[in-house]
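Working notes, beginning with the structure itself.
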Amino acid sequence: METPDAGLAYSVQAQAARYYSVSEGAMDEARQDYLDALPVAASVLCQNEAGRSFIDISNEIFCGAADWDPAKDPIWIDQIEFFKATGIGPALDDFLKRGEKAFQFDRQESQSISGRHYTVRLSRLRSTPYAPQRCLMSLIDKTMQVETEKNLRAEMLRDSLTGLPNRLAFNERVAAVFGDPLFKEGSHAVLVVDVTRFSRVNESVGALAGDELLITFARRLCSVLRPGDFLARTGGDEFGILIRLDRGMKDALRFADRIKAELSMPFHLSEMEICVDCSIGCALFGSHSNLPEELLRNAQFALKRAKTAGRTQLYEPDEAHAARRRFRIETDLRRAIEADQLELAFQPLIDLSTGAISGFEALARWDHEEDGHVSPTEFIPVAEESGLILPLGQWALAAALDVLADWDRQAGRKLPIYMGVNLSAVQIQRDDVSAVVAVALKKSGIEGGRLMLELTESAIVHDPERAAEVLEAMRALNVQVAMDDFGTGYTSLAYLQRLPIDLLKIDSRFVTGMLGDPDSAAIVRAILSLADALGMATAAEGVECADLAAELKRMGCTNGQGFHFSEPLGAEAALDYWMSRSA
């Protein structure tokens, strides 16, 4: 017979069992409701004491994503196809064995194009008696985002006009060659092909026909490609080709010949037949370059030479060094002009009949902070190409006239000499020369007749009408004009007759060797006769010895300039030189 206490104990135990049973059921429902409320695929994954992982509970989104039916399919992770196909199973087991609280990684459902992409997030949960290791896994479907990024990237790497890969895609392919463990120096080359005179086609037949030409041009290039070659439009009317070489440079040149042969046939555009040529530059993969953009730039350097030479050119490493130096000179020259770091040197011109100084030519000099003396033959062309010749020329003109005015003040009188200043063809084309000269004359107080502007033949030949306009303006200011380096250009005799030129300066290339070279002497004699007939004075450059000065005097040359008389001097030394010869 049970005691009352025993019956009470049994009743309490039964009630507790019923309570805990209801409580566990409520907890399971709550956990399921929580997972169902999440907007992403989620499940609670567990690992038993034997180290085997299984699905404890999941929401419908997860079941759909994993193609898993809890009522029919196994709960064990290693038996579910989704976890095997994505590789999530091993990553999950590894996470549960480690002590991390959370972990995130990306997985693709399969390697097929239609495979879905997920971001997998694992968050550790408290352990239970039946599952020492548990975690919450959420799957975030990012397939649309990945596909959008792929499409955007494909567009980013494609040329919209020709449908070819673009410059970025080309550089990526070149980088892949460099990154290949089997890559060998000289095993590949980059060719850059340019449509010769493409701008003329655009100007003559219009942009639409120009686009059609580029599309047809690209198709022709595609027709000569071999398996493994890679073609891209790298810009404008320029195409890059990455080719594999079996026999080094010979393969590259042979391939270039094939391209030229294919493109030599006429192009039929709408109702027109157009013949165009191409220029090709080539750069081999080698030790001088291991960056895709640099390799392409090297081929472009070669292309630039090919346009002039008329045949395929191979890259020479010195070209890049020279280009980088020109760029550095341009940058440093701009700073030097702004900081007033340039100086003028003055070389005298001597009247050969009297030995007196007729004038001085002002020459720009630049001492670089790091490189030391930079030759004018190097920085003047850079200044002309970059447009820096405008501020440089304005500075030189004003500074030279200020020096002449200072010499007058130091001498206490107006010196009977002129100041020669060089005038660039770029200045004639792009600057208001007459206004610049007028301002400099007024500011310095120097009369126009004491200024000699020296310009080369190329300045006249490039734009005769503009040159005539500038020189007529100089005549109005009473400024003298000298034609520098005469005999090396293509000046028409009509220009000499029509333009107001006061002095012909004979180029030193004819003067220096005239004593031993009858041809040079004949040229000098002809120039002197021409100048005399036109009523112009003359000056011979490059007078290096007394015999040369004497011969020029005998031939009737007016002035001589060269190291026989003096090298270019600083302002104070030039004034002292004048005073010593005038004493």
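The values are calculated or read from the model by the stated rules, or taken from the named source; none is laboratory data. Bear in mind the structure is a predicted one, so any value in this text is a computation, not a measurement. Ideal geometry is used to build each Cβ from the backbone, glycine not excepted, and the neighbour counts take in all protein chains shown.
When we screen V201, V224 for residues that are of a type in the set (V, I, T), closer than 23 Å to A306 by Cα and surrounded by 20 or more Cβ atoms within 10 Å (Cβ to Cβ), the only hit is V201. Among the residues making up the range 359-408, those that are surrounded by fewer than 16 Cβ atoms within 10 Å (Cβ to Cβ) and of a type in the set (S, T, N, Q) are S375, T377.
One line per residue, one yes/no per condition, for (1) touching a residue at least 60 places away in the same chain (Cβ under 8 Å); (2) within 17 Å of L139 (Cβ to Cβ); (3) in a loop (DSSP other than H, G, I, E, B); (4) of a type in the set (F, W, Y):
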site	(1), (2), (3), (4)
V44	yes, yes, no, no
E49	yes, no, yes, no
K72	no, no, yes, no
F83	no, yes, no, yes
P90	no, yes, no, no
D106	no, yes, no, no
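Of the strands (runs of 3 or more DSSP E) that lie entirely inside the range 467-583, not one contains 3 or more residues that are outside the structural domain of L415 (by TED's automatic domain parsing) and either in contact with a Gly (Cβ under 7 Å, 6 or more places away or on another chain) or surrounded by fewer than 21 Cβ atoms within 10 Å (Cβ to Cβ) (or both). In the range 223-236, the residues that are within 17 Å of A252 (Cβ to Cβ) form Cβ pairs under 9 Å with partners that are exposed (fewer than 11 other Cβ atoms within 10 Å of the Cβ), at six or more places apart or across chains, as follows: V224/A261.
The helices (runs of 4 or more DSSP H) located wholly in the range 166-244 that include 3 or more residues which are closer than 17 Å to L291 by Cα occupy 167-179. Without any contact (Cβ under 8 Å) to a residue 40 or more places away in the chain, part of a helix (DSSP H, G or I) and under 29 Å from L404 (Cβ atoms): does that describe K442? Against the criterion (without any contact (Cβ under 8 Å) to a residue 40 or more places away in the chain, part of a helix (DSSP H, G or I) and under 29 Å from L404 (Cβ atoms)), K442 qualifies. Here the range 245-279 is the region considered, the condition is being among the aliphatic types (A, V, I, L, M) and in a strand (DSSP E or B), and the residue that is farthest from D194 (Cα to Cα) is M272. One residue alone among L441, L453 is assigned by TED's automatic domain parsing to the domain that holds N478 and crowded, with 21+ Cβ neighbours inside 10 Å, and that residue is L453. Within the range 28-67, being in contact with a Phe, Trp or Tyr (Cβ under 9 Å, 6 or more places away or on another chain) and more than 22 Å from R124 (Cβ to Cβ) holds for one residue alone: D67.
For the range 200-237, the set of residues classified as of a type in the set (S, T, Y) and within 26 Å of the chain's Cα centre (by Cα) consists of T234 only. Test R413 against the stated conditions and say whether it is surrounded by fewer than 20 Cβ atoms within 10 Å (Cβ to Cβ), charged (D, E, K, R), assigned to a loop (DSSP other than H, G, I, E, B) and out of contact with any helix residue (DSSP H, G or I) (no Cβ under 9 Å at 6 or more places or on another chain). Here the answer is yes, as R413 does meet what is asked.
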